[in-house]
Structure formats: structure tokens, C-alpha cells
Amino acid sequence: MASIEVKVPDIGDFDEVSVIELLVKPGDTVKAEQSLITVESDKASMEIPSSSAGVVKELKVKLGDKVKEGSVLLVLESAGGAESKPAAAAPAPAAQAAASPPPAAPAPAAAAAKTGPVEIRVPDIGDFKDVAVIELLVKPGDTVKAEQSLMTVESDKASMEIPSSLAGVVKELKVKLGDKVNIGDLIAVLEGAAGASPSPQPSPQRGEGASPAPATAVAPAPAAERTPPTAALPPHEPGTPTGQLPHASPSVRKFARELGVPLEEVKGTGPKSRITQEDVQAFTKAVMKGEATTKAAGGKAPAGGGGGEALGLLPWPKVDFAKFGPVERQDLSRIKKISGANLHRNWVMIPHVTNHDDADITDLEAFRVMLNKENEKSGAKVTMLAFLIKASVAALKKFPQFNSSLDGEQLVLKQYFHIGFAADTPNGLVVPVIKDADKKGVIQISTEMGELAKKARDGKLGPADMSGACFTISSLGGIGGRYFTPIINAPEVAILGVCKSLMEPVWDGKAFQPRLMLPLSLSWDHRVIDGAAAARFNSYLGAILADFRRTML
Ligand code: CAO
């Protein structure tokens, strides 16, 4: 067993590059030529391969580190020992690229650039032949600065942007997406070119600066005036593909980093599923609209009807139901579509907890029946729901955090008491609102509820009828059932579900007594309310329903 240090090979002009991805970890077995890390400059990214096979003993770099030729990347335990050589001694393809002599020189351009149109050509891109144009970063009519990137080219393993050596206006683009280009190929014609960057000096190290050399500018001028091309970043073509780095150009990576977008979560729509700047923008928009969140944010929250793929779940099953028997398809009603999307958001975004309890409404129901008898002639019917609204107002007054909404890191405590009630209509669920329920008696509340419920059934509720609620009651008491888990109607922080009251035997300390018990289900937002407060709220509500005189205390 021999320990060997794997170092950054010759990476051409690049002084310092950032480590943007670690492709191996201690304990991994790597083959010779297998990519170890990905590094990136302003303009290009590339993978650095291992010069030897072995087991990774220790990583000497971490994400964000700056490395340059000769920096130690990791220590390998080499099983073969002697046959392994450090990268510097056995140049990786990158190093080989850097070592190849610059191709025959096109002419210098700077001097001639100020007059007439200027041709911009592909500079020395090392060993790379037939690299594909995967992104055009300018179009005819664009004004470009010297050093501004004109296009991105890509080989199997590296991508790089080709900058312009001159400032000017793009008159004509001579390449299109998917074209294969080589050193010296014409990229574009610039007009009014001026401010040429200093002619890169030919040198064994291929020019200066930490970015690929500017595309060679060639004025249609005598060949003698041409300058030797300078080197682009010499990428490598290691034999073992790793495929771990999202497929995107350095400028798109930089853009994504600036926005904090995790590129590995972005779906590329470019050639070969390449991630474009538009893909990053679309991803950002989706997150802003709440249609997606990053994995780091705890998963996705797709809008109503969103696919489970965004949550990392299996896609929704697609079944041809007609295979199993006759079916009929119906479009969802407008109300169902709207309420569905809202319910979905609320269910996903609010950490719900539901407390169940029972309220003894024996005396209250007797009172209600008596009232209704008294008012038989006038036709004004008092409903249990009206009492529940009044009781809820009393509980909201006692526990003000239930009458609040979250606004960022603040709680908005409301000093008004507007109570929504869920109403079942042929077209779906709606929630009309009884405004200022604290200022109204149960008879008035019952009358208003009857009017609003009729409007709801007739599809005549206006936005004003359905807005401003502080707390909602969903009553299934007229239908049946015992308990359920109502979904909070955001931005409210709690909702009360009510089911059908039943006569039950209740132990009074001496004997079982028949009592009319009303099942209550209170769902609350755990970001705002604690379990103990919820239990107290329910218990207080029950006490009021058992004896309304308590509201006077
Ligand atoms: N226990 C026992 N009986 C009850 C009761 C309860 N908790 N609540 C109501 N009842 C009785 C009423 O007294 C009435 O009986 P009578 O006709 O003998 O007087 C009967 O049930 C029907 O009441 P109702 O439902 O018409 O009236 P309401 O005031 O209770 O409710 C409204 C009005 C609009 C809320 C209701 O019609 C409705 O739409 N409920 C459905 C709400 C809903 O869909 N919630 C689920 C939302 S989540 O999908």
C-alpha cells in the first residue's frame, strides 16, 4: 500500500479556480482518470480527474476552496503502489491539452479593429475539436463589450464561454445552436468595433488572465496582421463520466448561485437537458409563487392539482377507468376548483392539530326549542349554529391568539369578530361571513345566516359576503357523523368543526344521566397556538355551551 497525493494538474491560464463539487469522499475507490472534483472559473468549469487508481484516504479540499496547479486535492491509498503516479507526473487530459502547442496563428486584430467590420473567430480551445455551440449569448444588433461572452461551447466534460476581444455591435452571427466549431472558425461579425482588448501575447502558457482568452478578432485584413490565438481554459476529457454536475454553463451556474437556486433541482430544457438561464428564472418564479419549494426548504408545495413529482412522490396514478367499467367525466365546478386550490394550500402549509371534545348542550337545546316555540308565529328560527357563533366569540375574546393571523414574523391580533360558516351548496363549499357577531344577538345571527345560506345556494354570494372572517365554524350537525378534522381557512389560525349532537349517558358522580352531547373538533395552527391553549379553548367553549351565563362572568 502506498499513499500518494493527487494534485491539480496544469490547468493552463487559470491561476485560481473554485472547487464547486466534490465527486468522491474518503473510502471511495477511484479508477485512474475518474473525476475527483469540479472546479470553476468565471467562464468555465471542468472536472479534475485522478491520475491513479486507489482508495480515497483523505480529502484535502472542501467546497469553495480555491485551488491552482499543484494544489493537493486528496490522498489516495494505492493498491498497486509503484505504478501510481501523481497527476503532475502523469498529466491528465487537461494537462495534455495545456501542453499542446498553440495552433498556427491567426493575425492580430486590435490594431485593425477600429475600421470596418471585424470577424470574431474561435480562439485556441486546446485539444478540443468539434465542440458544440450550446448557447448563444448575443444576437445581431446587440452591443458587446470587450471580454463579453458571445457563446458557450461544450465538449463531453467541459463547457466554456467564448468572449469577444473587442467592443462593438454584433452585425451578424455566423454560428447557430448545435453547430460544431473548431479553432479559427468564424463566430460573428462586429461593426464599429473599438476599444479592443490588448492583444493577448502569445506565450507558452497561452495568454493571460483567469478566463478563456477572448475570441480572436480578425479584421478582414492581410494575414500578416493577425495575432496568434491565445488559449482558452484547457479542459480535459477523462474516460469515466460522473454525470453528477447539473448540466449548465458557468454563467448559468453563477446566476443560479446568486439567486440561491439549487441547480440539481432545476429541470433543463436546453439541448441535452441543459439548464438554461430561463430554466433558472422559471424555477425561481415557481418558488416565489409557492408552486414549488427547494428540497432544502423541506419539500415542495405545489399549487392545487400540482403533481406529486415536485414533492419527490410518485406521480399521480393514471388509470384508464373505462377498462374496468362504464364511467362519466364531469368538469370540476368553478367553486370546487377555487376552494380545492385553497384547501390544498392550507392543508400543506399549515401545521394542523385537531382537538376533539364534547359539549353538554342539553339545557341550551331546551332553551333553543323553547325560543323557537315562542317565535313560531314570527317564523324566526334560532339555530344551534347561531349559539355556536356567539359561544365562539366569547372564547375568541378570552383567547385572543385564536382571533389572529400570521404576517411574517408578526401576529396580527384582531379586535373585531367576524365569523365564517361553511355552507354546502350544489356547486361546492363556500364560507359566508357574519360580520361583527359580537354585536349581534342569536336571533339576528340566525336570520342573517339563513339569508346568507340562501344566497350561497343560489350562487349569489358576493366577495364582500365571504371576506374578513376571523374564525370559521363548519357544522355537519344537520347531517351526521361524530368528529372530523376541518382544514383551517387561511389566514385564520383555527376552525371549529361541529357534528351531530347525541343523547349520551354521562356520569354525574352518583349516576349516569342522559345528556345531549355535541361533538366539537377544533383544528388549530401549531405555529401560533399550543396544545394546552387549544384544550383550554375547547373546554371554555364547552362550558359556555353548557351554560351561557358564563359569558357574563
Ligand atoms: N346536532 C344535531 N342536530 C343539528 C345540529 C347538531 N349539531 N345542527 C343542526 N341540527 C339540526 C337542526 O336543528 C335542523 O333540525 P330541524 O330542521 O329539526 O330544526 C337540521 O339539523 C338541519 O339543520 P341545517 O343544517 O339546515 O341548519 P344549520 O343551521 O345547522 O346549518 C348550514 C346551516 C348552512 C351551515 C348548513 O345547511 C350546511 O350547509 N352545513 C354543511 C356545512 C359543511 O358542508 N361543512 C363541511 C365543510 S368541510 O367540507
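Translational diffusion coefficient of the stretch 488-530 (Stokes-Einstein, Kirkwood radius from Cα pairs, 10 °C, 1.306 mPa s): 126 µm²/s. Here the stretch 132-183 and the stretch 489-553 have alpha carbon centers that stand 70 Å from each other.
Hey, which aspartates and glutamates would be in cross-link range of Lys435, C-alpha to C-alpha under 12 Å, not counting anything within fewer than 8 residues on its own chain? Lys435 reaches Glu448, Asp465.
In the stretch 353-491, taking the dipole from charged Cβ atoms about the Cα centre, the farthest positive-side position among Ile434, Gln410, Gly480 is held by Ile434. Taking amide H positions as modeled 1.01 Å from N, with prolines and chain starts lacking one, the residues under 5 Å from Asp185 and 5 or more places away or on another chain are Val122. Working note: Cα gyration tensor of the stretch 123-192, eigenvalues times five, square-rooted, sorted largest first, giving semi-axes of 21, 12, 10 Å.
Mean separation of Cα pairs under 8 Å and 6 or more residues apart, divided by the residue count, gives the stretch 396-503 a relative contact order of 27 percent. Work out, in µm²/s and without decimals, the Stokes-Einstein translational diffusion coefficient of the stretch 355-427 at 10 °C, 1.306 mPa s, Rh from Kirkwood over C-alpha pairs. In µm²/s, the coefficient rounds to 105.
Heavy-atom accessible area for Asp358, with the other protein chains in place and a 1.4 Å probe, reaches approximately 60 Å². Using 0.36 nm per residue and subtracting the Cα-Cα separation, the extra length available between Lys381 and Ala511 on full extension is 43.3 nm.
Counting 0.36 nm for each residue step from Ala2 to Ser273 and taking away their Cα separation leaves a gain of 93.4 nm. Each peptide in 472-478, 397-403 gets a packing score, the mean of other Cβ atoms within 10 Å over its residues, and the list from highest to lowest is 472-478, 397-403. Amide hydrogen proximity for Leu150: with H placed 1.01 Å from N in the peptide plane, the residues at 5 or more positions away or on another chain lying under 5 Å are Ile162, Ser164.
Among beta bridges identified by DSSP and lying wholly in the stretch 436-553, the antiparallel ones come to about 75 percent.
Restricting the calculation to Cα atoms, the stretch 1-81 yields a radius of gyration followed by a Dmax of 12.0, 39 Å.
Of all aspartates and glutamates in the structure, the ones whose alpha carbon falls short of 17 Å from that of Lys60, not counting any fewer than 8 places away in one chain, are Glu5, Glu16, Glu21, Asp28, Glu47, Glu69, Glu77. Approximating the spin labels as points 7 Å out from Cα along Cα→Cβ, the Lys398-to-Gln330 distance works out to 4.2 nm. Checking the Cα-Cα distances for Lys390/Lys500; Lys414/Lys454; Lys139/Lys171 against a 20 Å cut-off, the pairs over it are Lys414/Lys454. Normalised size of the stretch 432-491, defined as Cα radius of gyration per 2.2 N^0.38 Å with N residues, equals 1.22.
Close amide H partners of Glu21, meaning residues 5 or more places away or on another chain with modelled amide H under 5 Å apart, are Thr38. For Lys398, give me every one of the aspartates and glutamates with a C-alpha distance below 14 angstrom, ignoring sequence neighbours fewer than eight places off in its own chain. Lys398 reaches Asp438. Computed about its Cα centre, the charge dipole of the stretch 358-510 is approximately 340 debye, with only Lys, Arg, Asp and Glu carrying charge at their Cβ.
The values are calculated or read from the model by the stated rules, or taken from the named source; none is laboratory data. Please read all numbers here as calculations on a predicted model, not as lab measurements. No Cβ is skipped: glycine too gets one built from the backbone with ideal geometry, and neighbour counts run over all protein chains shown. Side chains are part of the model used for accessible areas, which takes the heavy atoms of the whole protein and leaves out ligands, DNA and RNA. Shrake-Rupley method; radii C 1.70, N 1.55, O 1.52, S 1.80 Å.
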